[in-house]
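One structure is given below, encoded as structure tokens.
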Amino acid sequence: MHSAPPPKWLLLVQQLPTRPSNLRVHVWRRLQQVGAVSLRNSIYVLPNTAEAREDFDWIRAEIAGRGGQVSLLVANAVDGYTDDELEGAFRDARTTDYNKLIAQVASLSKGINTKTLRQRRAPLQRGLVKARERFVTVRAIDFFGSPRAADAQSALEHLEGALAQTPPLAQKGGTRDVRLFKGRVWLTRPRPGIDRMSSAWLIRRFVSADASFRFGPLSSAGDAIPFDMPDVEFGHHGSDCTYETMMRRFGISDPAAVYIGQLVHDLDLKETRYNHPDTATIGRLVEGLRARGTDDARLLEDGITLIEALYRSLQPPGRVSKADPGAGTRTDSRGRRMGVKRTS
């Protein structure tokens with residue numbers, strides 16, 4: 001015998017108390033965040049999935065905790081609606097979301113040229129990151145595939161392309177050929193912080209996926225390439241931190257990498273030039289890693305993982321360029337990581 005398919009729809013039926021007066025607005029916003037569609041004033045529907053049930057369970061707990069009454073129901077059919085009508089209601093709701101996003105991106109894209117890029121790159125980059133985050137949020141609740149999703153992604157990619165018309169940093173000193181840096185060992189100072197962590201991530205992602213790192217004084221460099229040390233090519237120059245220097249030297253203009261560079265600049269140089277909302281959080285995460293007391297090699301690898309996670313969060317769904325920086329981490333016969341070495 002074949003088991004019956006699970007019910008297709010999950011319903012939340014609520015009755016809210018008259019006070020507090022802001023509860024109705026709060027619950028409505030939470031329901032919008034999870035992508036629920038309103039059937040009537042007090043009935044909301046989601047596809048019957050484990051994630052949707054968890055979302056509704058949290059909302060039910062909030063309503064009950066504030067004195068309201070709420071029930072969760074499952075149904076194969078919803079009275080007064082066909083499945084096609086319900087799916088269409090979800091698509092219409094997400095189409096509205098995508099249309100707002102497209103209008104936001106169009107406003108950012110208006111009048112972009114080489115001159116305005118020089119003057120407005122930082123705020124445009126912030127706007128692009130926020131738009132990307134909004135796209136990811138809407139895409140996550142686009143259960144039945146609004147046709148405007150592709151248009152929204154195309155608008156974002158158009159803006160990315162416009163921001164990449166010219167390099168985000170002036171190419172002082174010329175662009176280095178990454179082929180000369182494949183498989184090399186890089187040397188830096190012990191106890192890496194945000195600049196060394198992010199620079200190592202940049203090397204692994206955009207220069208050489210199999211790069212390895214070690215720690216020690218400049219005098220121990222040998223054939224290794226020093227970075228984030230005084231008086232070396234890949235270090236602080238002018239108002240640039242090491243990460244920004246590497247962006248210039250290798251001609252990297254990836255929008256997400258540019259955004260990360262702005263975070264690194266403010267954290268490493270203790271400035272508020274870009275003042276992104278993520279800056280303080282990333283700074284605390286880095287300090288938390290440093291406070292764990294792990295060895296330098298582990299600390300650097302953890303930092304690379306942190307920056308890679310941030311980079312991936314800034315990408316559109318299904319697109320991460322080039323290789324994972326972790327691909328360069330080798331292991332020995334006991335499974336220990338060998339991508340980073342320490343030189344005393």
Please give the helices (runs of 4 or more DSSP H) falling wholly within the stretch 221-300 in which 2 or more residues are of a type in the set (Val, Ile, Thr), under 20 Å from VAL185 (Cα atoms) and open to solvent by less than 20 Å² (accessible area, probe 1.4 Å). 242-250
PRO7 vs (1) assigned to a loop (DSSP other than H, G, I, E, B); (2) farther than 30 Å from VAL136 by Cβ: all pass except (2)
Restricting the search to the stretch 206-220, which residues are open to solvent by 10 Å² or more (accessible area, probe 1.4 Å) and not small (Gly, Ala, Ser)? PHE206, ASP210, ARG214, PRO217, LEU218
Scope the stretch 1-25; condition open to solvent by less than 100 Å² (accessible area, probe 1.4 Å), touching a strand residue (DSSP E or B) at 6+ places or on another chain (Cβ under 6 Å) and not hydrophobic (A, V, I, L, M, F, W, C); matching residues: PRO7, GLN14
Which condition number does ASP55 fail, the rest of (1) in a helix (DSSP H, G or I); (2) more than 26 Å from ALA152 (Cα to Cα); (3) open to solvent by less than 70 Å² (accessible area, probe 1.4 Å) being met? (2)
Looking for something of a type in the set (Lys, Arg) and outside any helix (DSSP H, G or I) - is there at least one such residue anywhere in the stretch 11-29? yes
So, PRO190, is that one part of a loop (DSSP other than H, G, I, E, B), open to solvent by 20 Å² or more (accessible area, probe 1.4 Å) and under 24 Å from THR294 (Cβ atoms) or not? yes
Given the structure, is GLY251 at pLDDT 95 or above and not aromatic (Phe, Trp, Tyr)? no
Give the residue, chosen from ARG66, ARG24, ARG40, ARG94, that is within 30 Å of ALA4 (Cβ to Cβ) and more than 26 Å from the chain's Cα centre (by Cα). ARG40
Identify the single condition in (1) open to solvent by 30 Å² or more (accessible area, probe 1.4 Å); (2) in contact (Cβ under 8 Å) with a residue 12 or more places away in the chain; (3) touching a strand residue (DSSP E or B) at 6+ places or on another chain (Cβ under 9 Å) that TRP28 does not satisfy, given that it satisfies every other one. (2)
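The values are calculated or read from the model by the stated rules, or taken from the named source; none is laboratory data. Because the structure is a prediction, the values reported are computed rather than measured. Positions of Cβ are backbone-derived with ideal geometry, glycine not excepted, and every protein chain shown enters the neighbour counts. Ligands, DNA and RNA are stripped out before the accessible areas are found, and what is left, the full protein with its side chains, is counted by its heavy atoms. Shrake-Rupley method; radii C 1.70, N 1.55, O 1.52, S 1.80 Å.
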